[in-house]
Amino acid sequence: MPHRIPQVSAHQQAVIEELSNLVHGISAPFVCSGTLVPEAPVTLRFKDGVQVPITRLERGTDPHTALEPLLARCLPAPFGKGRKTLYNRRVRDALHLKAEGGAFTVLNFDPAASGVLEVVRQQLCPGDPTALTAVLYNVNVYGTEGHFEPHKDTPRGSQMLGTLVVCPPSRFFNGQLVLTHRGAHKVFDWGRDISEQAEPSRIHWAAFFGDVDHAIDKVWMGLRVTLTYLLYRGEGAIIAPMPSGAATERLHQGVERALADRQFLPRGGVLGFPCFHMYSHEAAFRRSLPPLTQTGAALHRLKGRDQEVAVAALRAGLAVSLQPYLIELCADETWQLKRFPTEEEQDLLDERLLDPWVLEKALPIAAHEDAPRGFGVTWVISQPEFNGPVKPRTVEGDADSSSSEEPVVQLFHSGAYSATGYFGNEGGETDFYLYAALHVVIPPLGKGPRQVTRAARKPARAGKHS
């Protein structure tokens, strides 16, 4: 059943379409990348002191022999699907070694000292005043036929931003890293780049938000070795007002024009902007849904275009909040939530608790789509529906419709949802899906930022010139 939305006139619809176009005109990267030449080859050092440099071997050299100390310590790499952590070579065919417990360290490369983290901060979260932190997670090895179906990162902690993948110059062919977000694709063919580069020790890297779908295409030959770092936002700094670019300023001006338009929602209302990114259950969003502020921590936790939309509305003097919804696919029901569920509330949900009345008791439900006014939201961009998400693509070859130009499947699956249902290394906690939207409160005419002066109300008299 579609959500009920307030009726709008043709004039109001034209204003909404203008705002939608301005939102889509904001360009915010979901990935950044670069290269650098270390002073010495990147080397893995294991607990027992054995060191393995990752270098571009001469053609014809067997990489298995050169990397045997690494391969001997690796295990088959798992993946997550729903609540489960699985091993299936049709989905992921790779080896890995976790860095936990000091199993290995990396010599001759440090994400912070090399300047990579600062580049990532400037590109992916330029308004965040604190430095990012990179935690070494594992080393992955993809041999011939190795691959990984499209997936998202498994969320780890409320401050996790995304992932940094570092590719030392091992020699391999194909095995591209393919990222997909809102129909946009970014492909990194590091195997080709490494074979063609003049500096044999040059390394390549890419950093991206954790909610971005990414895949590893099948390796044709060689060993593809990459290091994975988890990226976390910093805490504790004084937060300054968020800067904005030209496209965000155009949206801000568009919002102010809408506020000055006496025919646009004269009695006020709520504009809904479905989020373009997904979020894990951030501490900043979990306990309550206070309005976002230009210097608040919650605003700085938004990503990419979501953050720019919030900034534009805040600068127009409007109240903005991040509103979670729940879509339960089995019951085909949609609810608006008072806040993001706590971990304890999520623990109450299991396979036996699928009845809508049980969900309404277990979760902080604010409204149901069948309520008299629905959710009472005027959607600037098409509102999501329970049957709107990307259909999961299975390894047997179901079609993947992830090229939608609408905001990416605004769903949560224990903090994230992937087009295939797969996650990086571990499963999620529940089978329930959430999506989020930015709610922007438009006051009635004469209230707040829509106050109109006496002079502005009077039409200009004919024949009068100033």
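The values are calculated or read from the model by the stated rules, or taken from the named source; none is laboratory data. Predicted, not measured: the structure shown is a model, and the values here were computed from it. So basically every Cβ, Gly included, is an ideal-geometry build from the backbone, and we count neighbours across all protein chains shown. We work out accessible area using only protein heavy atoms, side chains counted, and drop any ligands, DNA or RNA first. Shrake-Rupley method; radii C 1.70, N 1.55, O 1.52, S 1.80 Å.
Of the residues in the range 78-93, none is open to solvent by 50 Å² or more (accessible area, probe 1.4 Å) and closer than 18 Å to THR226 by Cβ. Screening VAL42, VAL52 for residues that are surrounded by 19 or more Cβ atoms within 10 Å (Cβ to Cβ), more than 30 Å from GLN253 (Cα to Cα), at pLDDT 90 or above and more than 33 Å from the chain's Cα centre (by Cα) leaves exactly one candidate, VAL52.
So how many residues does the range 121-145 have that are free of Cβ contacts under 8 Å to residues at least 12 places away in the same chain and among the acidic types (Asp, Glu)?
0
A single member of VAL212, VAL219 is open to solvent by less than 20 Å² (accessible area, probe 1.4 Å) and over 22 Å from the mean Cα position of the chain (by Cα), and it is VAL219.
Filtering the range 99-125 down to residues that are open to solvent by less than 60 Å² (accessible area, probe 1.4 Å) and farther than 15 Å from VAL165 by Cβ, which residue is modelled with the lowest pLDDT? Among them, the one singled out is CYS125.
Can you name the residue in the range 140-186 that is small (Gly, Ala, Ser) and open to solvent by less than 30 Å² (accessible area, probe 1.4 Å) and is also nearest to ILE381 (Cα to Cα) among such residues?
So in the range 140-186, the residues small (Gly, Ala, Ser) come out as 143, 146, 157-158, 162, 170, 175, 183-184.
Keeping just the survivors that are open to solvent by less than 30 Å² (accessible area, probe 1.4 Å) gives 143, 146, 162, 170, 175, 183.
Values: GLY143: 43, GLY146: 39, GLY162: 26, SER170: 45, GLY175: 36, GLY183: 16 Å.
Result: GLY183.
Yes or no: ASP62 surrounded by 13 or more Cβ atoms within 10 Å (Cβ to Cβ), assigned by the TED database to the domain that holds LEU124 and either within 30 Å of HIS181 (Cβ to Cβ) or free of Cβ contacts under 8 Å to residues at least 40 places away in the same chain (or both)?
Numbers: surrounded by 13 or more Cβ atoms within 10 Å (Cβ to Cβ): no; assigned by the TED database to the domain that holds LEU124: yes; either within 30 Å of HIS181 (Cβ to Cβ) or free of Cβ contacts under 8 Å to residues at least 40 places away in the same chain (or both): yes.
In short, no.
Within the range 33-66, the set of residues being hydrophobic (A, V, I, L, M, F, W, C) and under 20 Å from ARG192 (Cβ atoms) comprises LEU36, VAL37, VAL42, ILE54, LEU57.
The rows are residues; the columns are (1) out of contact with any Pro (no Cβ under 8 Å at 6 or more places or on another chain); (2) small (Gly, Ala, Ser); (3) in a strand (DSSP E or B).
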residue: HIS11; (1), (2), (3): yes, no, no
residue: VAL15; (1), (2), (3): yes, no, no
residue: VAL23; (1), (2), (3): yes, no, no
residue: THR35; (1), (2), (3): yes, no, yes
residue: THR65; (1), (2), (3): yes, no, no
residue: PRO69; (1), (2), (3): yes, no, no
residue: PHE109; (1), (2), (3): no, no, no
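Candidates are the residues of the range 25-52 that are of a type in the set (Gly, Ala, Ser) and in contact (Cβ under 8 Å) with a residue 40 or more places away in the chain; the one that is farthest from LEU71 (Cα to Cα) is GLY25.
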